[in-house]
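The values are calculated or read from the model by the stated rules, or taken from the named source; none is laboratory data. From a predicted model like this one, the values you see are computed outputs, not experimental measurements. Here the Cβ positions follow ideal geometry from the backbone for every residue, glycine too, while neighbour counts run over all protein chains shown. The area values use the complete protein model at the heavy-atom level, side chains included, leaving out ligands, DNA and RNA. Shrake-Rupley method; radii C 1.70, N 1.55, O 1.52, S 1.80 Å.
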Amino acid sequence: MKKIKDARLFETMKTFLTEYLPNVRALSPNTVQAYKDALNLYLLFIKEDGNKELSQILSGDFTAENLLKFLQWLETERKCAVSTRNQRLTALRVFCRYLFNNASDFDTYSKISEIKPAKTVDKVLCEVLTTEQVKILLSIPDVTTDFGLRDYFYMALLYDTGCRNDELLSLSRGDFVTHKDGSGEIKVIGKGRKFRITPVSKEVTANYRQYILRFHAGRDVNTPLFYIKHGAAITQMSPDNAARILNKYEKIYKTQNPEIPHLHPHLFRHTRAMHLYQAGMPLALIGEWLGHSHLETTLILTHIHISEPTSQTRS
């Protein structure tokens, strides 16, 4: 193994992820994982952009110039949504503040802190898939193959439950419960460590039964529901792995319909909320089902605008 040139950088990353975020900031494991994903992506970018080995990366590679190039890379190469781009920026700014915590590094962090999140385009907020588009999208994966079945199940569960992507990826096999009538439910830990139970349709539950036969036979119930194998090791599927699945089917679908929206996990959540509202489900119930603390959030997700929010709009 090659000697690490900047041992302090990697030690700082370790304490940032294992001590500072969970203990000092009291962030949830899901949020800590999101910070870890952002750091790993930035390291990958620096390796590719600077043609470096991981061991050659230095604290000096964390600059405003590199961070701006990284954000552009996320948008153009990784096809990340604006919201994802902004989340990565927030995570890296917090890490840089932790990394450059002395006077001699103040100028470096000051320039990084001036980088602002990109504005979310209204068009993106209003985009949803039609019910027909959802049906066509879910018809594309070849469920006779292992990965086709996995991809179908991931997208179907994302839409059927309206869960946030990190909520879905954090599920273990034991969090999915099936019922005698053929339906199911998942035990979800949402934002703020709030627990909720979300129903799953009979169709998607049947797909789950097929999925576990191929991917979870003989595995412990604590195994991540969606996982990646590295040799003998099994790890939770990352948001980037999930994004690659959606990008794959977006490219296939666009050959049939170039006008469909860019596929990202939150689009499925937006779409499900709108479809439930159009089907007559009360907004308060939709908000509870999605795990919203405030009704205003549900109104945004279903594209309904109110002129003067009052205390009565709180759920």
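The set of residues in region 32-46 being in contact with a Pro (Cβ under 9 Å, 6 or more places away or on another chain) and open to solvent by 50 Å² or more (accessible area, probe 1.4 Å) consists of 33 alone. Among the residues of region 135-163, what is the count of those that are more than 27 Å from residue 277 (Cβ to Cβ), among the aliphatic types (A, V, I, L, M) and open to solvent by 30 Å² or more (accessible area, probe 1.4 Å)? Selection size over region 135-163: 1. Contact map, region 84-103: first residue closer than 19 Å to residue 239 by Cα, second residue part of a helix (DSSP H, G or I) and open to solvent by 40 Å² or more (accessible area, probe 1.4 Å), Cβ cut-off under 7 Å, separation 6 or more or different chains; pairs are 85/75; 87/34; 91/34.
Scanning region 73-83 for residues that are of a type outside the set (Asp, Glu) and free of Cβ contacts under 8 Å to residues at least 24 places away in the same chain gives a single hit, 76.
Among the residues of region 181-220, the ones that are aliphatic (A, V, I, L, M), within 11 Å of residue 171 (Cβ to Cβ) and open to solvent by 30 Å² or more (accessible area, probe 1.4 Å) come to 1 in all.
Restricting attention to region 48-79, and to residues there that are within 23 Å of the chain's Cα centre (by Cα) and open to solvent by less than 80 Å² (accessible area, probe 1.4 Å), which single residue is farthest from residue 241 (Cα to Cα)? This residue is 67.
Within region 243-262, being open to solvent by less than 100 Å² (accessible area, probe 1.4 Å), at pLDDT 90 or above and more than 14 Å from residue 150 (Cα to Cα) holds for 247, 250, 252, 253, 254.
Please determine, by comparing only the residues of region 251-275 that are in a helix (DSSP H, G or I), more than 15 Å from the chain's Cα centre (by Cα) and in contact (Cβ under 8 Å) with a residue 24 or more places away in the chain, which one is nearest to residue 161 (Cα to Cα).
From region 251-275, those in a helix (DSSP H, G or I) are 251-254, 265-275; that's our starting set.
From what's left, more than 15 Å from the chain's Cα centre (by Cα): 251-254, 271-275.
If we keep only those that are in contact (Cβ under 8 Å) with a residue 24 or more places away in the chain as well, we get 252-253, 271-275.
Working: 252: 24, 253: 22, 271: 11, 272: 8, 273: 10, 274: 13, 275: 12 Å.
Once the filter is applied, the top-ranked residue is 272.
Counting only helices (runs of 4 or more DSSP H) wholly contained in region 1-90, the ones carrying 2 or more residues that are of a type in the set (Phe, Trp, Tyr) occupy 29-50, 64-76. Scanning region 276-300 for residues that are in a helix (DSSP H, G or I), surrounded by fewer than 18 Cβ atoms within 10 Å (Cβ to Cβ) and modelled with pLDDT under 65 gives 296, 297, 300. Among the residues making up region 143-182, a single one is among the aromatic types (Phe, Trp, Tyr) and within 16 Å of residue 195 (Cβ to Cβ): 176.
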